[in-house]
1. What's the local net charge at B:LEU256, with K and R +1, D and E -1, over the other residues with C-beta under 9 Å away?
2. To the nearest Å, what is the center-to-center distance of segment B:253-316 and segment B:119-150, using C-alpha atoms only?
3. Average partner chain C-beta neighbours within 10 Å, per residue of A:98-105?
4. Could you work out the mean count of beta carbons from other protein chains within 10 Å of each residue's beta carbon in A:144-150?
5. Averaging sequence separations of C-alpha pairs under 8 Å and six or more residues apart, then dividing by the length of chain B, give the relative contact order as a whole percent.
6. Mind checking the angle between helix B:123-151 and chain B's longest principal axis? C-alpha axes, 0 to 90 degrees, to the nearest 10.
7. Excluding same-chain residues fewer than 8 positions from A:LYS60, which aspartates and glutamates have a Cα within less than 15 Å of its Cα?
8. Less than 16 Å apart at the alpha-carbon level, and either on another chain or at least 8 residues along: which lysines does that give for A:LYS40?
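Any read-out appearing in this document is the output of simple, stated calculations on the displayed coordinates, not a laboratory observation. Small disclaimer: the values here were computed from a predicted structure and weren't measured. Please note: Cβ atoms are built from the backbone with ideal geometry, for glycine as well, and neighbour counts cover all protein chains shown.
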Protein chains: 2
Amino acid sequence: MLQLKEYTTFIENNLKKVEIPDSPSGLYDPIRYFLQIGGKRIRPILTLLGAELFGTDKEKALSQALSIEVFHNFTLVHDDIMDQAPLRRNKETIHQKWNINSAILCGDVMLIKAYELLCDIDPEKLSETLQLFNKTATQVCEGQQLDLDFEYRDDVSIDEYIEMIRLKTSVLLGGALKIGAIIAGAGEKDKTEIYEFGQNIGLAFQIQDDILDLYADPVKFGKQVGGDVISNKKTFLHLTALNKATKEQLEIARQLKNEPDIELKVKRTRELYDQVGVKQDCKKKIQEHYNIALNALHRVAVPEENKKNIVELAGYLMDRDL
Amino acid sequence: MLQLKEYTTFIENNLKKVEIPDSPSGLYDPIRYFLQIGGKRIRPILTLLGAELFGTDKEKALSQALSIEVFHNFTLVHDDIMDQAPLRRNKETIHQKWNINSAILCGDVMLIKAYELLCDIDPEKLSETLQLFNKTATQVCEGQQLDLDFEYRDDVSIDEYIEMIRLKTSVLLGGALKIGAIIAGAGEKDKTEIYEFGQNIGLAFQIQDDILDLYADPVKFGKQVGGDVISNKKTFLHLTALNKATKEQLEIARQLKNEPDIELKVKRTRELYDQVGVKQDCKKKIQEHYNIALNALHRVAVPEENKKNIVELAGYLMDRDL
């Protein structure tokens, strides 16, 4: 059985060893703080599992796994500024605890640090890894831009939404796995399959997140239920509801958008979505991407034994109460 | 004679050819705009000259030269947010013309683009170039942090100031030249010397900038004379003045800090600095770094003929009315 906790601890311990200078403290204290406020560390674990899948020791992909995690944290620091988020994992965000200038500059240095960690690699693998990383990093930023754009648009299609979350979230999961595969010297076809697996797990995970936002058990969820509804976010759940709604239901949705009582807004929206019946559509979409992912993994030409950990991790990611 | 104009045009033309996608336009329009508002393009030209110094065609260092320029522009975009600067080269800054979120994200993508351009290189040179670039990029951010820190400190020493401008400005000039030298396959000692040359030219240039801020001909200067004085910036000029001032002069300086009439503030500060006699100290310091630079260049083991263009560029950089 996959000892996820052990992998997380492995990443946590090694993340602490990443060299962050003491001075200037205004720059490095916030970075040290942010890298240690936790998280599931799923992305770097994917890099380790990507290497192990092809028979390579996880130690060999460690620096690149840490690179992926530092990169992910860079995006969180800058996204938090853009979203004006005061909290991340129940801790103050950098721009909140320090200031916006700090958060901009810390993010910049984290991105550079991610490259530094990435480059600590067998020179023969450097060029391919960098190309994948550059492309992935650019796509993540493009996804964030689309997400920002969608706030001001009322005509976002479901396809556009899927493309946005693919760029903003999923390519990094695919990229994390593929970097592990590159380090392990996997063949071209296998690298493509494992990327496909990661990307589709990412999509499934993100759509699941959309449902959980409104339907999660408030105790287990750990953050405000209905956050997306309150901020009128155009999620997969929301867009599917609008697509299926009758004229009357659309009118209710339109009114709810401006409902000032947020508890009422969340409650009524949930009722509306239940009437329209969107939860099943979302579950179907999740299953669709989950299946694409597992099929891609199935085609990877390594013994099934090697795939066990990755299958378990995917199962763990999907196993949240819906 | 160095045809500086031709080099600038060469960079300008090729910068236009750098692939910037059309979509998402909210991300790429501002980047395209910013990369084309001009500038002297000194840093990428240094990369070209660094390669030519060691007998390599400038075309071979083109992608890395563009990388240096895109990186420099990334720092400008983010610095402009931090400094709340509405204008850059008489054009609106990105955060002013679009918004802060745009400017953050555009800067991020520009930094990634800089890496992409950097990586378009002979694989044998990739690792060394990246290491230098990572280090330089980190130092530039550290310099920016020190600059931000100095705003809130009243005990900045001249040595600390020099270290700040070394990091924020000078290492990039040294790095730009050295990357050209790496591409040309220069020897270790020569690479160190050319870096030393660039770094000291950078220091000389920056101290000169400090003097020009207060003593430039307003017509030729092209921006507000006394900008540093108005914003109470701790420049080399300012710190040297404080160091040499009598008790009475220090008291005048203290009062001038809060003078609301900015024209009067600039005029009186200039009078004070003239009384204290700081201009000569600055010129001496500039000459000191200029000499260190030329001596380092002198030690580079290539025919003097090869050095002509770089010497001329250094002369051009220093030849501003003081």
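1. +3
2. Each part's Cα centre sits 26 Å from the other's.
3. 5
4. 5
5. 20
6. Once rounded, one gets 10 degrees.
7. Candidates past the 8-residue exclusion: A:GLU52, A:ASP120, A:ASP122, A:GLU124.
8. Partners found: A:LYS5, A:LYS16, A:LYS91, A:LYS220, A:LYS223.
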